1. Given DSSP loops and a limit of at most 15 other Cβ atoms within 10 Å, what is the longest stretch of the chain that contains no such GluC sites (Glu not before Pro)?
2. Once you order the gyration tensor axes a ≥ b ≥ c over the Cα atoms, which shape class does segment 34-146 get: rounded for a/c under 1.5, otherwise prolate or oblate by comparing a/b with b/c?
3. What does the charge count near GLY443 come to, summing +1 for each Lys or Arg and -1 for each Asp or Glu among other residues with Cβ under 13 Å from its Cβ?
4. What are the membrane-span-like helices in the chain by this rule: whole DSSP H runs, Cα extent along the axis at least 18 Å, mean Kyte-Doolittle hydropathy at least 1.6?
5. Between THR332 and GLN85, what length in nm is gained on full extension when 0.36 nm per residue of separation is reduced by their alpha carbon distance?
6. With both bridge residues required to lie in the chain, what share of the DSSP beta bridges run antiparallel, to the nearest 5%?
7. Can you tell me, using C-alpha contacts under 8 Å and at least 6 residues apart, the relative contact order of the chain as a whole percent?
8. Label-point separation (nm) for THR73 and THR187, each offset 7 Å from Cα along Cα-to-Cβ?
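Just so it is clear, none of the values below were taken in a lab; they were calculated from the coordinates. In this text, all values refer to a predicted model and were calculated from it rather than measured experimentally. When we count neighbours, we look across all protein chains shown, and the Cβ atoms used for this are built from the backbone with ideal geometry, even at glycine.
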Amino acid sequence: MNLLKKIGILIITILVLSMIFSVKLNAIDLTKTKGSLTIIKYEKGAVGHEGENTPLSGVKFAIYKVEDNTTDTTTPASTVSPTNQGTTENDGKVIFSNLDLGRYLVVEAEVPENVTERIQNFLVDIPQTTHNGTDLNYDVVVEPKNNTAYGSIVLTKEGENGEKLKNVQFVLQKRNGTNWSDYPNATDAVLGTTDNGTIRVENLPVGDYRFVETSLGEYNTYILDNKTGYEFNVALDTTDFTTKVTPSSITVKNDKPGIEKEVDSITRDVKDTNTVTDEKNSADIGDTITYKTQTDIPRTIAMLTTYKITDTMNNGLTFKQENFTVKAGNTTLTKDTDYTVTALEANHGFVLEINTAGKTKLNTEYNAGNKKMEVKYDTLLNSDADATSVGNKNTAKLTYSNTVNTNYKDETNTPVDKTTDEVDTTVYTGGLIIEKRENTRTGTLLPGAVFKIASTKANAENKVFIKDSNGQEITLTTGTNGSISYKGLSYGTYYLVETQAPSYQENNETKYYNLLDKPVQITVGNNTYTSNANIVINRKSSILPNTGAIGAIVAIIAGIGLIALAIIIHKKK
């Protein structure tokens, strides 16, 4: 086939196709003068989110009528008003109706904070040819998608000593301007901790959030703080368009205040008493015992109605108010301003209550890292002291509100007072029993023996004796039953010195048993006041004269005389 024939066939083909296209175009409705543009906005989502089928609300679009043949997608200057603008609803849609036919520039003007990057501006023609090319579409629909980012956070609930608390409820809220609202709504905002004490929340859009504790469940001895919000922020890092959560995790601790008690010091009332050697706290009657009580300062101390110590002591202890101090860290609280202290009946204890001003000071010290409140005070070990192994007990307990005053809605709470287990410290005092017997440990009991007590053997030999609470040397005289007891000595080793031996009658003459020539060592300890008598034996001069006594001298002289007489007789023989 020559070239001219080929050209002819090509021309005929083009003419036929043109006629066919012209016939189809004549079937299209060209009478419409208005159209519409529907934008359906979806988010692509992040890992763990629902995915690309999730509508995205809050996206604002602006459309501009441009020249039909323009290809420029640059955003117009701010001085140029858009032809129309609108924001996507919950279904992700925004519809622009009654638009003049032509070309439009679509600009994504505003996006929610969780959108990592806006889409590029694009052009849309109204109408558009349908996909099969047989018609024109005057109601154009486009479905642009955005990448979005969501944050996740883990809250861990801890109690005393790191104990993980389960079934503790929190409400999750999102900041809306200056207000907070439940997120996502009041029904779904309440969350509970798992068996390992955690709450995990995922897919949080960009924004400011907070957890607020609303119920402690079974842990009613802990303090519920439904006032404090534990805030965190979900934001976009514009350098890499990743989600940042700050802080990355939250640990919420609840306080269950405790109390501790100990003897801080014992001040001797009289001179030359023995040094305490027993491991227990022991003292003399008349001594001043300084106690130290420490309580945990709760983080919420400034928001509690009640915070007080009740201290009770048995009859052997008398509360002294003179040196009463309350402090925390570097702060000493002021009586009547920061706290009140009320003595119990007969001064056998007190109630210490911290006032509002005191709670504020304690809160300041807590924030400074000082977590303990310290109370020091004095007691007197009086003559009613128990000298047995039961001892003289001082007991304390702490009472506190288990809920703060108001909640996060500024509603008034109704706290319940909770009281710790009692802690106690016992101070002991001892005593002794002396039985004076003749000749043997089972001999006749002897009245009238007089003793004094020294704290060391050297003091006994130098006649330095201990004194009672009145400053008088303790003098013990056996009674008609031959015994004497004394209580009110701290535990340890003592030395008895007999200063007068018992007497007896012989041939209508008053004579005395031999006076002990050295101290008797005794021990004061558990129940020595009620048992384990110290038996001290005396003998008469005629039975066994004391070393150095006149009977011994006479015997020696007589012996010497007999020896001399024997020598003289021997020489004569």
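1. Result, exposed sites excluded: 423-573.
2. It comes out oblate by the Cα gyration axes.
3. Once all neighbours under 13 Å are counted, the net charge is +3.
4. Counting only whole DSSP H runs, the qualifying helices are 3-25, 550-572.
5. 82.3 nm
6. Details: 134 of 153 bridges.
Of those bridges, close to 90 percent are antiparallel.
7. Values: 1343 pairs, mean separation 57.0, N = 573.
It comes to 10 percent, rounded to a whole number.
8. With each label placed 7 Å out from Cα toward Cβ, I get 4.1 nm.
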